[in-house]
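First the structure, in the form of structure tokens, and then the observations on it.
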Amino acid sequence: MNIHEHQAKAVLKEFGVAVPRGFPAYSPQEAKKAAETLAKEAGSKVFVVKSQIHAGGRGKGRFEGLGPDAKGGVRVVKTPDDVKSNADEMLGRVLVTIQTGPAGKQVNRLYIEEGADIAKELYLSLLVDRVSSKVSVVASTEGGMSIEDVAHDTPEKIHSFTIDPATGVWPTHARALAQALNLKGDLAKQGAKLLSQLYAAFTAKDMDMLEINPLIVTGDDKLLVLDAKCSFDSNALFRHPDMVELRDVTEEDEKEIEASKYDLSYIALDGEIGCMVNGAGLAMATLDIIKLYGSEPANFLDVGGGATTEKVTAAFKIITSDPKVKGILVNIFGGIMKCDIIAQGVIVAVKEVGLKVPLVVRLEGTNVELGKKILNESGLNVIAADDLADAAAKIVKAVKG
Ligand code: ADP
Ligand code: MG
């Protein structure tokens, strides 16, 4: 689960991390009021109007409907009235960044923040490293809006080291960070403190990624977190009801939200063949073989072991609601899952939502004969397949003609 920048900063602040003052705003009036409060309470003379979407690259992003010369999704302005007019232009508009894909994301909220005096922009992130089972720290002196180019063109400028969760942060990690970020004297001390705070937040909240880009050195030599992107391990969310409250479903794929209600493992993808499979391994293999036969999967969907007819029906509806889907492949190896349940679910769903695209079904395992019989007698236009390769070949042929 992802959260917005302003929420991530609030979480980090609880752990003592230095962040600029700011307020979220949902309307131009609220944005102006936030700037006035910053001016009055903190003496701010520069304000930053920041689009809150679950994607990075906002600064260099472009708003749909505004010309190429219009400012991006992060704007530095001088007066509360400018905050208001920019907020007015940004709210409700679709922002396209390198991370949103061409469809972009609608900006429904802003963060109004005090402007910082930036002397240097650095990069710092923490993530779960599955290979070493440790927390990986990635740091670079070349922070800011072109970190992707740095990673591509000059990867030697990006440093990383790991922290063992059994021991936590040691002085050696702080030294590694200071070296990676070229921090000296008091700044190195600040870096050590920041690393401990970020690590504490990361582990206490079960994050799987925390990216600070940029982390800045201010004109008066202070480290300040200027942007924060954070995601949580969904499997640990039950331990963090306060974080679950930060969820913004308007940022998530509707089909994925629906799937989570039925406890289905569903990930929307970009291709044209909808897949309903049981077991993550078989689902992955199905995606691979669809590609091998020359097409692309529209989703990953694991209906799980003990799926009910209701669950299968929900899964089928989610797949058919995707306008990209040009054909459906049901691939079930019935172990705990029974083939007749799948067959029934498919029929119930098709009766409810109709079937406008070709459907290939490959069933194998428990109650397979019964499952096939149910499908054959249903009068549905189902293309039966014998094995995985046969199923993939048939659905790709049906879609491509
Ligand atoms: P994104 O990574 O989505 O582009 P950032 O929050 O990193 O968004 O903002 C982009 C750039 O805008 C930063 O690299 C920084 O130069 C500038 N910026 C962001 N917040 C502030 C701020 N509070 N004061 C001054 N400049 C800022
Ligand atoms: Mg950033």
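The values are calculated or read from the model by the stated rules, or taken from the named source; none is laboratory data. Keep in mind the model is a prediction, meaning the values are calculated, not measured. All Cβ positions, even for glycine, are placed from backbone atoms using ideal geometry, and neighbour counts span all protein chains on display. The accessibility values were calculated without ligands, DNA or RNA, using every heavy atom of the protein model including side chains. Shrake-Rupley method; radii C 1.70, N 1.55, O 1.52, S 1.80 Å.
Among the residues of the range 127-158, the ones that are without any contact (Cβ under 8 Å) to a residue 40 or more places away in the chain and either within 16 Å of ligand 1 (Cβ to nearest atom) or farther than 19 Å from residue 193 by Cα (or both) come to 19 in all.
Residue-wise test of (1) in the same structural domain as residue 389 (by TED's automatic domain parsing); (2) within 16 Å of the chain's Cα centre (by Cα); (3) open to solvent by 10 Å² or more (accessible area, probe 1.4 Å); (4) more than 30 Å from residue 160 (Cα to Cα).
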position: 237; (1), (2), (3), (4): no, yes, yes, no
position: 273; (1), (2), (3), (4): yes, no, no, yes
position: 277; (1), (2), (3), (4): yes, no, no, yes
position: 285; (1), (2), (3), (4): yes, no, yes, yes
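For the range 303-334, a tally of residues being in contact with a Gly (Cβ under 6 Å, 6 or more places away or on another chain) and either open to solvent by 20 Å² or more (accessible area, probe 1.4 Å) or under 16 Å from residue 350 (Cα atoms) (or both) returns 7. Restricting attention to the range 350-385, the residues that are of a type in the set (Lys, Arg) and loosely packed, with under 15 Cβ neighbours inside 10 Å total 3. Scanning the range 350-387 for residues that are over 14 Å from residue 327 (Cα atoms) and within 31 Å of the chain's Cα centre (by Cα) gives a single hit, 353. Do we find that residue 262 is open to solvent by 70 Å² or more (accessible area, probe 1.4 Å), among the aromatic types (Phe, Trp, Tyr) and in contact (Cβ under 8 Å) with a residue 40 or more places away in the chain in this structure? Spelling it out, residue 262 is indeed open to solvent by 70 Å² or more (accessible area, probe 1.4 Å), among the aromatic types (Phe, Trp, Tyr) and in contact (Cβ under 8 Å) with a residue 40 or more places away in the chain.
Among residues of the range 234-252 that are β-branched (Val, Ile, Thr), those with a beta-carbon under 9 Å from a residue that is surrounded by 13 or more Cβ atoms within 10 Å (Cβ to Cβ) at least six positions away or on a different chain give the pairs 244/1; 244/232; 244/237; 249/257; 250/106; 250/108. Pairs meeting the criteria (first residue in the range 284-305 and more than 18 Å from residue 365 (Cβ to Cβ) and aromatic (Phe, Trp, Tyr), second residue in a strand (DSSP E or B) and open to solvent by 30 Å² or more (accessible area, probe 1.4 Å), beta carbons under 6 Å, at least 6 apart or on different chains) are 300/267. Filtering 196, 231 for residues that are of a type in the set (S, T, N, Q), surrounded by 15 or more Cβ atoms within 10 Å (Cβ to Cβ) and touching a residue at least 60 places away in the same chain (Cβ under 8 Å) leaves a single hit, 231. Consider the range 386-401 and keep the residues that are without any contact (Cβ under 8 Å) to a residue 40 or more places away in the chain and in contact with a Lys or Arg (Cβ under 8 Å, 6 or more places away or on another chain). The one that is most open to solvent (accessible area, probe 1.4 Å) is 386. Inspection of the range 110-126 finds a residue satisfying the criterion of being surrounded by fewer than 17 Cβ atoms within 10 Å (Cβ to Cβ), touching a residue at least 60 places away in the same chain (Cβ under 8 Å) and assigned to a loop (DSSP other than H, G, I, E, B). Answer yes or no as to whether residue 345 is in the same structural domain as residue 262 (by TED's automatic domain parsing), under 32 Å from the mean Cα position of the chain (by Cα) and not basic (Lys, Arg). Criteria met by residue 345. None of 153, 186 is closer than 21 Å to residue 218 by Cα, more than 16 Å from ligand 2 (Cβ to nearest atom) and open to solvent by 80 Å² or more (accessible area, probe 1.4 Å) except 186.
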